[in-house]
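**Q** First, the structure itself, so that you have it in front of you.
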Amino acid sequence: MTATPHILIVDDDRQIRTSLGRFLTANGVRATHATHATHATDAAAMFAALEKGRFDLIVLDVMMPGEDGLSACRRLRGTSKIPVVLLTAMSDETDRIVGLELGADDYVCKPFSPRELLARIRAVLRRVGSEPEERPPRHPWSSSGGSSIGSGERYRTRKGLSSNSRPANMTCS
C-alpha cells in the first residue's frame, strides 16, 4: 500500500461516484472520480482501469449494468488480491454472506454513511497493509514437561507450578 491509498470507485450512479470521490479525497485518500482520473461505471471499465493503473482498494457496486459486482469480484479474485469493499442496496443477510464468500473484504449497504465507509476502507487497508508481526516469546517456557503458559518468572504446567524451571511446592490451606 502507498502512503496515500488509491481507491477505484466502481458504481453506475454518477452522483455516488462523484460525491464519494470528493469525500475520500477531502479525507486524505486518492480516489478516482469526475475531477480526476477516469472513473469506472461498470465491471468492464473496472478491469480496463486496473490494466492502466495501480489501486490499493476497490469500492464496487453490486447492481450494475452488464456484469454485476458479485461476478466481477469473483473474476477479480481469480487474478488479484486487491481488497474489495462491496457497496450495494442489497442488504439481506444472504446477499452479504454471498458477497463476502465470493471474495469481498467488506460489505456496505446503501444508503450509507461516507464516514463509516471511510472507516471500513481504512480498516481493510490496515489489515492488508501490515505483515503479521513475528514476536519472540516474552518469557521462556518451562522445561519441566507438559504444556505450559508463561507468566513472569513462574509457569503453570500440568505437573504444577515452576519457577526458573524448578518445580515449586504447592500447598492448600
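The values are calculated or read from the model by the stated rules, or taken from the named source; none is laboratory data. Note that the structure is a prediction, hence the values are computed from the model and not measured. A quick note on method: Cβ atoms are made from the backbone with ideal geometry, for glycine too, and the neighbour counts reach across all protein chains shown. Ligands, DNA and RNA are excluded from the accessible area calculation, which covers all protein heavy atoms including side chains. Shrake-Rupley method; radii C 1.70, N 1.55, O 1.52, S 1.80 Å.
**Q** Are any of the residues in the range 13-30 outside any loop (DSSP other than H, G, I, E, B), in contact with a Gly (Cβ under 6 Å, 6 or more places away or on another chain) and open to solvent by less than 20 Å² (accessible area, probe 1.4 Å)?
**A** No; the residues of the range 13-30 include none that is outside any loop (DSSP other than H, G, I, E, B), in contact with a Gly (Cβ under 6 Å, 6 or more places away or on another chain) and open to solvent by less than 20 Å² (accessible area, probe 1.4 Å).
**Q** Could you tell me whether the range 60-75 includes any residue that is in contact with a Pro (Cβ under 8 Å, 6 or more places away or on another chain) and within 21 Å of R120 (Cα to Cα)?
**A** no
**Q** Mind checking whether some residue in the range 124-146 is modelled with pLDDT of 95 or more, aliphatic (A, V, I, L, M), closer than 17 Å to H6 by Cα and assigned to a helix (DSSP H, G or I)?
**A** Yes, some residue in the range 124-146 is modelled with pLDDT of 95 or more, aliphatic (A, V, I, L, M), closer than 17 Å to H6 by Cα and assigned to a helix (DSSP H, G or I).
**Q** Same structure again: Inside the range 47-82, can you point out the residues that are at pLDDT below 90 and either surrounded by 19 or more Cβ atoms within 10 Å (Cβ to Cβ) or of a type in the set (G, A, S) (or both)?
**A** If the condition is that a residue be at pLDDT below 90 and either surrounded by 19 or more Cβ atoms within 10 Å (Cβ to Cβ) or of a type in the set (G, A, S) (or both), then A48, A49, G53, M64, G66 are the ones that fit.
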